[in-house]
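The values are calculated or read from the model by the stated rules, or taken from the named source; none is laboratory data. Everything quoted here is computed from the prediction, not taken from an experiment. As a convention, Cβ positions derive from the backbone with ideal geometry for all residues, glycine included, and neighbour counts pool all protein chains shown.
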Amino acid sequence: MSSFTEEILVKKLREVNNTQQSIQTLSLWLIHHRKHAKKIVVVWFNDLQKASQTRKLTLMYLANDVIQNSKKKGSEFNQAFSDVLVGAANHIARECSEEKTLLSVGRILGIWEERGVYDPVFCKALKKSFEEGRKNPDEFKKPESPSLKKHHHHHKHKNKKDRNEKKIQETKPEPAKQELSALAKKRKLEEVIGLTEDFIAGDELLEPPDVRYKEWA
């Protein structure tokens, strides 16, 4: 039988299929390496959460086979699985929509109670977690990150402020073209008058004002 490493375990869990031979073969390998029971159960639970509905059921069949057939060897797997089964039952109930899968998992939990695989108190906790998951599938969704909410609120406030500033800028009245033209003509006229006064003060000849105005127009 092959040696145990986490990489080999992950590979075997991914390759197991929903047949009795496949499940029993892997079960025997896991029981042989029962001294790694805690590590095996952690990897099993992580894989369960990422698996498809069909594979979730296969992994539950595997857990059932390991738990029941390892009792003669020791209680390592019984104890190790008890740490994650309540969460696993709730996860499957929330994530699986296929009635066949849910009924099969419910049947496994019932068998554990009937055969005394786990004590009545623990079996009751398993069933309660499973039923709560079926009744409230959305109850355990992860809330939005507070930091994300804060960032989103700040971004929204900033956008609103930018829109208000843009609106104020758009509503500011711009000087009319007619006013600018009149102002320019006024300045030109003042310059002409100033030149006229300089010429008079210097006793120089001054061209007729109408000609000067035409040049500056």
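Of the residues making up the stretch 53-87, just one is closer than 13 Å to Leu13 by Cβ, of a type outside the set (A, V, I, L, M) and without any contact (Cβ under 8 Å) to a residue 40 or more places away in the chain, namely Arg55. Of these, Gly116, Gly110, Gly87, which one is on the phi > 0 side of the Ramachandran plot and either surrounded by fewer than 16 Cβ atoms within 10 Å (Cβ to Cβ) or in contact with a strand residue (DSSP E or B) (Cβ under 8 Å, 6 or more places away or on another chain) (or both)? The unique qualifying residue is Gly116. Within the stretch 93-108, being out of contact with any helix residue (DSSP H, G or I) (no Cβ under 9 Å at 6 or more places or on another chain) and not acidic (Asp, Glu) holds for Leu103, Arg107.
Determine if the stretch 97-113 includes at least one residue that is touching a Phe, Trp or Tyr at 6+ places or on another chain (Cβ under 7 Å), modelled with pLDDT of 95 or more and aromatic (Phe, Trp, Tyr). Yes, the stretch 97-113 has at least one match.
Take the conditions among the hydrophobic types (A, V, I, L, M, F, W, C), farther than 23 Å from Gln20 by Cβ, at pLDDT 95 or above and more than 31 Å from the chain's Cα centre (by Cα) and apply them to Val117. Does it pass?
No: the conditions fail for Val117.
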